[in-house]
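I have placed the structure first, in the form of structure tokens, so that the comments after it can refer back to it.
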Amino acid sequence: MHISSLPGEYGIGKLGKAAYEFVDFLEKSKQSCWQILPVSPTSYGDSPYQSFSIHAGNPYFIDFEALQSEGYLESGDCKGLNWGSDSTQVDYSAVYEHTFEVLKKAHKRFRKKTEKGFRKFVIENKDWLYSYGLFMALKTANGGKGWYDWDEPLKMCKPKAIKAAAKEYAGEIDFWCFVQYKYYQQWEKLKKYANSKGIRIIGDIPIYVAYDSVEVWTKPELFYLDKDKKPIEVAGCPPDIFSEDGQLWGNPLYRWDYIEKKKFRWWIERIQAASKIYDTIRIDHFRGFESYYCIPYGAKTARKGQWRKGPDMKLFKEINRQLGSVDIIAEDLGFLTKKVTKMLEASTYPGMKVLEFAFGSGSSNTYLPHNFKSSNSICYTGTHDNETIAGWIKNADRKTAKHCREYLGVQTDTQVPWAMIRLCWSSISDTAITQMQDILGLDNTARMNTPSTLGGNWQWRLSDLSCLDDKLAKKLADLTVLYGRCAEEAQTSEDEKEPAKDAKDKDTAGAKPEKSEKAEKAKDKK
């Protein structure tokens, strides 16, 4: 469940009271991780996978009540504004219209008594923060236009133009630095609280960056652009059973030859930064590192494209050499070849097993749990790109629905969501993850994203936390204990009591802790 899906009175989930209460629910439910989507600022289409910056945090998530307690806001600054009429949906136009209006007021008061930590934050993050602040200041000054539509000297980052703009928009740049300072201050506090409860945060980083981003604007040499900084080819996916036109993402592609010559420094720094923000990193579209799909810039669909060789294991070997062991999940969904499978095995990163893909094609389907070959995997009931389980079973064809019910051992479709969660938890995968929508048995009105569509996505929210009551917590906790995914219970056998590990050493959510030698022998004997 993403931060945006938390309830609250300001139109979108925030890093405040509801977030802490959700962590408390996870602890009570005996869970040990919380997976979220990318937390970067969203741009056109409101997708967290299309952002203005890979390093910045989303200003929408800044908790106003915390700013109020610090004296930077007054109650009337954010009350009485129209944050949207439906508490179960994010109204992004309303959130966009009012969030920065409120944050500007906080910044004005902040400037009168600047915190000591602000200067330290700016210095520590100087490699990305100042250029991001200038980028956002110029975007605001240009009515929100992409950098590629700015005046030529600024578009091409001419030093003289950049120096003049930095001087002219110094106050605006300071505002954007303040926004990031407060975002990360609140994020680090929430993450520390979650970790103290034994909850690890699984974050998500997109493989590509948006064309209208500070990275492409300031580092065009990293991307496949022409001399005018226009993309030559862009990213996407070829046609498949889900989309006859394929998926046209439109992101600029990397110049992997250049990046490799620089010893993958840009990617190393990106992974290093993400590993400080999250406990575990899920890398989106992992197969794109083995080979990636190229679509001519300007194409209307992804039908005409070609595959090109990526950096493969050279990148991940360099990550290991420079950073050591980093906890990474590989999103290995989509069109997989033997070479992609070989890369995944060589990386030793766990891949994903999605149960919604398992039914209707026979007993040999690799997503059926009886065919899982390794525990080094993450079992999901579904992802943010899938229908909810209730919506999926309702729309499934008769053959698929019948196979699913028989496999799960249930009679009705209403029983499927929790039976699917049970199947996920009972799998051999080291980690089991489900969506909050599926725990609540919600239909497709709560779906997070429908790929290849624009509008109506990324909007689902909990209207309040009353549905996450003690009864639901116990139901989830009982299932977690039953299948040995509860760290404190499963780590101790009846014959051999061992002290519980410190919270920071607990595995990720739903992860099966290591069993004692005696328990393993008993299992083998049985």
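Values for this structure:
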| quantity | calculated |
| --- | --- |
| The lone exception for A164 - which of (1) in a helix (DSSP H, G or I); (2) within 31 Å of the chain's Cα centre (by Cα); (3) among the hydrophobic types (A, V, I, L, M, F, W, C) it fails | (2) |
| Among the residues listed as G351, G324, the single one being at pLDDT below 95 and within 23 Å of the chain's Cα centre (by Cα) | G324 |
| Residue count for the stretch 42-93, restricted to those that are over 30 Å from N125 (Cα atoms) and in contact with a helix residue (DSSP H, G or I) (Cβ under 7 Å, 6 or more places away or on another chain) | 6 |
| Any chance I205 is in contact with a strand residue (DSSP E or B) (Cβ under 9 Å, 6 or more places away or on another chain), among the hydrophobic types (A, V, I, L, M, F, W, C) and closer than 30 Å to L26 by Cβ | yes |
| Residue match in the stretch 86-106 (condition: aliphatic (A, V, I, L, M), outside any helix (DSSP H, G or I), surrounded by fewer than 18 Cβ atoms within 10 Å (Cβ to Cβ) and touching a residue at least 12 places away in the same chain (Cβ under 8 Å)) | no |
| Residue list for the stretch 390-422, filter: among the polar types (S, T, N, Q), surrounded by 15 or more Cβ atoms within 10 Å (Cβ to Cβ) and touching a residue at least 12 places away in the same chain (Cβ under 8 Å) | T400 |
| Qualifying residue in the stretch 18-26 (condition: among the aromatic types (F, W, Y) and not in a helix (DSSP H, G or I)) | no |
| Any chance A56 is closer than 19 Å to G144 by Cβ, modelled with pLDDT of 95 or more and aliphatic (A, V, I, L, M) | yes |
| Selected residue (only one of E27, E9, E21 is touching a Lys or Arg at 6+ places or on another chain (Cβ under 7 Å) and surrounded by fewer than 21 Cβ atoms within 10 Å (Cβ to Cβ)) | E27 |
| Test result for S43, under 30 Å from L454 (Cα atoms), among the small types (G, A, S), at pLDDT below 95 and surrounded by 15 or more Cβ atoms within 10 Å (Cβ to Cβ) | yes |
| Single residue of the stretch 449-475 satisfying the filter (farther than 15 Å from S87 by Cβ and more than 23 Å from the chain's Cα centre (by Cα)) that is surrounded by the fewest Cβ atoms within 10 Å (Cβ to Cβ) | K471 |
| Residue check for V122: among the β-branched types (V, I, T), modelled with pLDDT of 95 or more and more than 15 Å from L67 (Cβ to Cβ) | yes |
| Any chance S32 is buried (at least 22 other Cβ atoms within 10 Å of the Cβ), in contact with a Gly (Cβ under 7 Å, 6 or more places away or on another chain) and not aliphatic (A, V, I, L, M) | yes |
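Each row is one residue, and each column tells you yes or no for (1) in contact with a Pro (Cβ under 9 Å, 6 or more places away or on another chain); (2) closer than 30 Å to I232 by Cα.
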{"residue": "D149", "(1), (2)": "no, yes"}
{"residue": "E152", "(1), (2)": "no, yes"}
{"residue": "C157", "(1), (2)": "yes, yes"}
{"residue": "Y183", "(1), (2)": "yes, no"}
{"residue": "E188", "(1), (2)": "no, no"}
{"residue": "K191", "(1), (2)": "no, no"}
{"residue": "I207", "(1), (2)": "no, yes"}
{"residue": "D212", "(1), (2)": "no, yes"}
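The values are calculated or read from the model by the stated rules, or taken from the named source; none is laboratory data. These figures come from a predicted structure and were not determined experimentally. Methodologically, a virtual Cβ is constructed for each residue, glycine included, from the backbone with ideal geometry; neighbour enumeration extends over all protein chains shown.
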